[in-house]
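The structure appears below as structure tokens.
Laboratory data are not the source of any read-out in this text; all were calculated from the coordinates shown. Note that this is a predicted model, so its numbers are computed, not measured. Virtual Cβ from ideal backbone geometry, glycine too; neighbours counted across all protein chains shown.
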Amino acid sequence: MAARLKKIDWVLLLALAPLLIAGLITMKSFGPAASGGAGDYFFWRQLIWIAAGFIIFLWFSLSDLRWMFSSLALVVLYLSAVISLILLLLVGNPTRGAVSWFKLGLFSFDPTEVVKIILILILAKYFSRRHIEIANVKHIVISGFYAVLPAILIFLQPDFGSSLILGAIWFAMTMASGISKKHFFILIASAAAIFAVCWFFILAPYQRLRIYSFLNPYLDPRGSGYHTIQTTIAVGAGGVWGRGIGLGSQSRLEFLPEHRTDFIFAAIGEELGFVGVVFLIIFFTLLIFRIIKMAAAGNENFIRLYATGFAILLISQFLVHTGMNVGLLPITGLPLPFVSYGGSSLITFFASLGILMSMRAKSTLPRHIHAPI
């Protein structure tokens, strides 16, 4: 165990600390008006999720997970994830217009977060075993099916943002697997065609209205444009140094909705200002850098592809979240990794890092000692 503890990337964990603390700051009540009637409810629950996530991280990091990386195990995990998404549509309880959660007594569980990691694992396995013949277009089609099936089920919740993230994961991992330039341009054209079909035939009117409102929020300032207007006000009000911890009126007085989850970046920008946001970006960049470094150091394609896919997940979710919080992207409702409130997201990301650490420990062993993944 001591040897495995030495294989944990403690610099990566240190980079996580400021992200977790920044999120906790927005959940801590600093007075009656600031709490919105919730007190420190979210703060203490998030602390519990962080503690649970760290324990799960250590368990995965110190375990030999080769059994989980077999083709059979990954197929079972994938099918279980798809079935859970189907059950969610059938028996899930709607929350704010979306069926995204299973209610489990005092807790709720969002299977979409787990699906993202399972997709990365199964794509890493698929491409790692076919890297020599990846130029064959059938592998793009088959791998695309792995992504499309859960993406459609998630879109039906409806959760357009997470569907886009699954598409980004598949696209990036397909690129990383080494497809030909011709197939690359085919993918670009296919993506454009899919967007056109979605715009005219699939997107609901309110989803198209969100995009219109993104271009001009004041078309509907009290409806679809409200979130964009409030986020830009919050970020702008923070200035260089911020209004101060606990003094963000947009979030503390609930002008900024969902400021602990979907709009937590704007809440941090208001209270900690440009300087606080820059530090947040620096530590998030350090986290991504350490993951990419592991991808480059991996001695097997599976390890490299998993680390690459996980990095793409974090980068795409970070960019979409921050983009919609500063008015550069339409509102999609995605949490900020390791910062936003929520047990499903936080524990899943900690588990994913633990899986990566387990792979890292294995990849540093001589090749004649360990069996291939």
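Miscellaneous remarks
- The range 8-363: Lys pairs at Cα distance under 22 angstrom, eight or more positions apart or on different chains: 9
- Highest to lowest packing among 330-341, 147-158, 55-66, scored as the average C-beta count within 10 Å: 330-341, 147-158, 55-66
- Förster radius 35 Å - calculated FRET efficiency between ALA17 and SER108 (Cβ-Cβ, nearest 0.05): 0.85
- Among LEU272, PHE185, TYR226 the positive-end extreme of the charge dipole of the range 8-363 (Cβ point charges): PHE185
- Full extension of the segment from VAL148 to LEU253, taken as 0.36 nm per residue of separation minus the current Cα-Cα distance, would add 33.8 nm.
- Environment charge at GLY342 (Cβ cut-off 9 Å; Lys +1, Arg +1, Asp -1, Glu -1): -1
- Here is the size of the range 8-363 from its Cα atoms: Rg then Dmax, 20.3, 63 Å.
- Each label was represented as a point 7 Å from its Cα along the Cα-to-Cβ direction; for ASN299 and LYS6 these points are 1.6 nm apart.
- Translational diffusion coefficient (Stokes-Einstein; Kirkwood radius from C-alpha pairs) of the range 224-313 at 4 °C, 1.567 mPa s, in µm²/s: 89
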